[in-house]
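Novice: The following block contains the structure, expressed as structure tokens.
No lab work stands behind these numbers, since they all come straight from the coordinates. Everything quoted here is computed from the prediction, not taken from an experiment. Cβ coordinates were reconstructed from backbone atoms using ideal geometry, including for glycine residues, and neighbour counts include every protein chain displayed.
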Amino acid sequence: MAKKRRKLRFSHRMGVLKDGGVREKVTKKKRKPRFSHRMGVLKVGGVKEKVTKTRRKLCFSHRKGEMKDGGIWKRVTKTRRKLCFSHRKAEMKDGRIWKRVTKTRRKLCFSHRKAEMKDDRIWKSVTKRGKTSDLVKNIEKGEKQMREILRLMKERETKLKKAIAKAELEEGSFPEGHLRISVSNNRIRYYKMLQNGDTKGEYIVKEKCREAKALAQKDYNRRFLKTAKAELGRLERDILYFSGENTDLLFQNLSENRRKLITPYILTDEQYALEWLVKDFKPNPYMAEKRIYDTNRGEMVRSKSEAILADMLYDIGIPYHYEKPLRLKSGRVVYPDFTLLEVNARKEIYFEHFGLLEDEEYLGNALAKLDEYRGCGIYPGKNLIFTYETRNSPLDIKGIKKMLMELLGVSFKSIQ
């Protein structure tokens with residue numbers, strides 16, 4: 001029997017067992033690898049290989065097409081079976097071909113089981129670069145939310161001041177006393193209370209219902225003024241606290257020579273606009289020789305209408321860039337006519353002027369551009385302004401100026 005066992009040999013090349021010169025086709029099940037948890041080895045065609053602890057905890061069954069994780073067999077997708085990583089060999093298996101993985105690939109690989117990134121054996125949800133990017137995005141998002149909260153608080157402050165002024169104006173026009181309302185048998189009766197100790201009051205007949213309305217309004221006026229003034233006081237304190245006006249004044253009150261030596265921790269709107277203006281960018285290289293019209297700011301533009309609009313922005317005091325590159329979601333780079341800065345919200349507004357709408361080809365291109373903008377989240381009412389002109393409808397300078405001042409009315413002409 002032992003002699004027969006010794007003659008039994010397996011041919012990996014041909015996939016058969018040789019038994020005394022007779023070759024037998026090995027079944028598919030017998031040729032597949034088997035794992036021994038007791039010995040911690042992987043048996044493939046009679047050859048035993050030592051498997052690491054990681055391999056034992058997470059191994060792949062070619063026979064079942066599954067991944068074993070902590071003793072639980074889980075069905076693995078087709079993609080997982082075609083591309084898996086061997087920590088023991090530091091290789092990537094693609095199909096049935098083992099390929100050596102680079103050092104960077106070994107240090108940073110993805111675990112489908114944990115949905116995490118492995119970086120130097122430390123499991124992290126994202127890389128260090130991703131964490132920093134998320135942190136910056138969260139800070140910027142928090143700043144935008146705080147500015148929006150401040151804007152709403154200031155709107156509420158303005159509304160309260162107007163309402164208080166109106167209530168104070170009516171305060172001296174009410175009759176004496178206050179109103180008491182009694183309901184009995186589904187019947188409502190109004191009484192005019194003149195004295196503090198009076199518990200019944202003087203009955204108000206139906207013909208004098210206006211007096212009842214005036215007394216009710218008087219009671220509401222008194223309570224409203226008390227509550228509104230208290231709310232207004234809290235709002236004013238909160239706006240002063242959250243707007244950071246005290247810290248901004250700390251830098252602004254320094255001498256000019258000292259301010260030149262200091263980098264403030266919190267930028268004022270004017271400082272932010274100045275930094276935005278001096279940022280360098282690569283201008284539109286297309287037909288640069290057609291920039292023949294000069295502006296008040298000393299730059300060259302492509303048309304008279306663009307020169308008029310640029311001078312208008314400069315005179316109003318709205319920070320802008322001419323033909324600043326903008327990368328869309330598709331990866332294509334476009335050059336809006338003007339990129340404006342909404343300083344209060346600290347966001348960019350794109351300004352396009354369409355001046356040849358009689359030309360069908362130009363009109364088609366303009367509409368296609370607006371459609372592409374909308375697909376990237378850029379549309380009027382949010383972050384896009386566009387103007388137009390034709391031969392019969394010339395450029396409405398006064399109307400455009402009024403629109404820009406209402407939308408972006410903060411003036412920073414001193415820094416242009």
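Novice: Using the number of other C-beta atoms within 10 angstrom as an exposure proxy, rank CYS209, CYS376 with the fewest first.
Specialist: By the 10 Å Cβ count, ascending, the order reads CYS209, CYS376.
Novice: How charged is the neighbourhood of PHE174? Take every other residue with its Cβ under 11 Å from the Cβ of PHE174, and add Lys/Arg as +1 and Asp/Glu as -1.
Specialist: -2
Novice: Further question: Order of ARG391, ARG259 from fewest to most other C-beta atoms within 10 Å?
Specialist: ARG391, ARG259
Novice: Among rounded, prolate and oblate, which fits the range 261-416 when a ≥ b ≥ c are the square roots of the eigenvalues of its C-alpha gyration tensor, a/c under 1.5 means rounded, and a/b larger than b/c means prolate?
Specialist: prolate
Novice: Determine the distance separating the Cα centre of the range 377-401 from the Cα centre of the range 279-311; give it in Å without decimals.
Specialist: Here the answer is 18 Å between Cα centres.
Novice: Sticking with this one: Quick check: net charge around TYR203, other residues with Cβ under 15 Å of its Cβ, Lys/Arg +1 and Asp/Glu -1?
Specialist: Overall, the nearby charge balance is +3.
Novice: Right, here's the next one. What does the charge add up to near PHE224, with Lys and Arg as +1, Asp and Glu as -1, over the other residues with Cβ less than 11 Å from its Cβ?
Specialist: Net charge in that neighbourhood comes out at +1.
Novice: What ranking of ARG297, ARG258 emerges when the number of other C-beta atoms within 10 Å of each C-beta is taken as an exposure proxy, fewest first?
Specialist: Ranking ARG297, ARG258 by Cβ neighbours within 10 Å, fewest first, gives ARG258, ARG297.
Novice: I would also like to ask the following. What is the extension gain from SER184 to ASP280, computed as 0.36 nm multiplied by their sequence separation minus the C-alpha to C-alpha distance, in nm to one decimal?
Specialist: My answer for the length gained is 26.7 nm.
Novice: Continuing with the same structure: Would you mind checking the pairs LYS206/LYS226; LYS161/LYS398; LYS200/LYS226 and listing those with alpha carbons more than 29 angstrom apart?
Specialist: Violating the 29 Å Cα-Cα cut-off are LYS206/LYS226; LYS161/LYS398.
Novice: Using a 10 Å cut-off on Cβ atoms, rank the peptides 341-351, 165-175, 277-287 from the highest mean neighbour count down.
Specialist: The densest-packed peptide leads the list: 341-351, 165-175, 277-287.
Novice: Tell me the trypsin sites (Lys or Arg not before Pro) within the range 198-245 that lie in a loop according to DSSP and have at most 11 other beta-carbon atoms within 10 Å.
Specialist: LYS200
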